[in-house]
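Working notes, beginning with the structure itself.
The values are calculated or read from the model by the stated rules, or taken from the named source; none is laboratory data. What you see is a predicted model, and the numbers here were worked out from it, not measured in a lab. Cβ: placed from backbone, ideal geometry, glycine included. Neighbour counts: every protein chain shown.
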Amino acid sequence: NKKIIIAIDGFSSTGKSTIAKQLAKHLNYIYVDTGAMYRAVTLYAMLNDIIDKNSFDKQQLINDLNLIQLSFTFNPALGFAEMYLNGVNVEKEIRSIEVSKLVSKVSEISEVRKKLVQEQQQMGKDKGIVMDGRDIGTVVFPDAELKLFMTASADKRAVRRYKELIDRGDNVKYDEILQNVQERDRIDSSRKDSPLVKAEDAIEFDNSDMGLNEQFERIMSLVNDRL
Ligand code: C5P
């Protein structure tokens, strides 16, 4: 009964987490949303006046890293794990547009990345894991048995994210979301430490026009080839 690591990377709102959750459920694997971890560190920095839209005390965040405890707790009612920051469920707060606007600045910091990458590697040590993010196939699990790289047009992605936020009752404008998606992609792809790039051996999926079922079937056949 062989277990593998599935690494899913790609730009913002390409549907990585939707497909990752579906795969994890089907395979009975652990699902880890690494974006949630970077978002939780960002929320910590916001709550402790370390970052806002005008200023960022990077050294203070680095000093505080050992005070930031992240954990995932499975919520059976939802069927997936929720993010906890120092024992508090922050699943709703970390998805806000305010966090989205600052997270890429926080995730540029090497010390932040080092801490989170270590924790992610620990979670995957027994394999049987689906992890999504920006550097999973390149940095966290360079030896992952299956690496996927998801893409979709910026417009399709912004529509997706906009609907998610409207559905949960947030008051946001479509243009604000489109701008945020593009800005994060720019920072994430151009940063020095672990930029978002497709791993050489990753398989690319453009799901702009691909239905979820078709995508799932195609990826499952890649999984089965590796089991
Ligand atoms: O996946 P999600 O859109 O929630 O990620 C939020 C942000 O966290 C990304 O825009 C990126 O700046 C950062 N991130 C990262 N490395 C990862 C996952 C997320 O830098 N592995």
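Summary table
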read-out	value
Enumeration of residues in the stretch 107-149 that are acidic (D, E), closer than 25 Å to F216 by Cα and touching a helix residue (DSSP H, G or I) at 6+ places or on another chain (Cβ under 8 Å)	D132, D135, E145
Residue tally, condition aliphatic (A, V, I, L, M) and within 18 Å of G211 (Cα to Cα), over the stretch 1-47	4
Qualifying residue in the stretch 15-38 (condition: modelled with pLDDT under 95, within 13 Å of the ligand (Cβ to nearest atom) and among the small types (G, A, S))	yes
Residue check, F149 of a type in the set (F, W, Y) and either farther than 20 Å from S13 by Cβ or within 12 Å of the ligand (Cβ to nearest atom) (or both)	no
Selected residue [surrounded by 21 or more Cβ atoms within 10 Å (Cβ to Cβ), touching a residue at least 12 places away in the same chain (Cβ under 8 Å), hydroxyl-bearing (S, T, Y) and more than 27 Å from L67 (Cβ to Cβ)] from T14, T42	T14
Options A144, A152, A158: the member that is among the hydrophobic types (A, V, I, L, M, F, W, C), in contact (Cβ under 8 Å) with a residue 60 or more places away in the chain and closer than 22 Å to K25 by Cα	A144
Test: residue in the stretch 180-188 that is touching a helix residue (DSSP H, G or I) at 6+ places or on another chain (Cβ under 9 Å), modelled with pLDDT of 95 or more and more than 12 Å from the ligand (Cβ to nearest atom)	no
Test for I51: is it within 16 Å of the ligand (Cβ to nearest atom) and closer than 23 Å to Q182 by Cβ	yes
Output for the stretch 59-80, where each listed residue is touching a helix residue (DSSP H, G or I) at 6+ places or on another chain (Cβ under 9 Å) and either in a strand (DSSP E or B) or in contact (Cβ under 8 Å) with a residue 24 or more places away in the chain (or both)	L61, I62, L65, I68, L70, F72, G79, F80
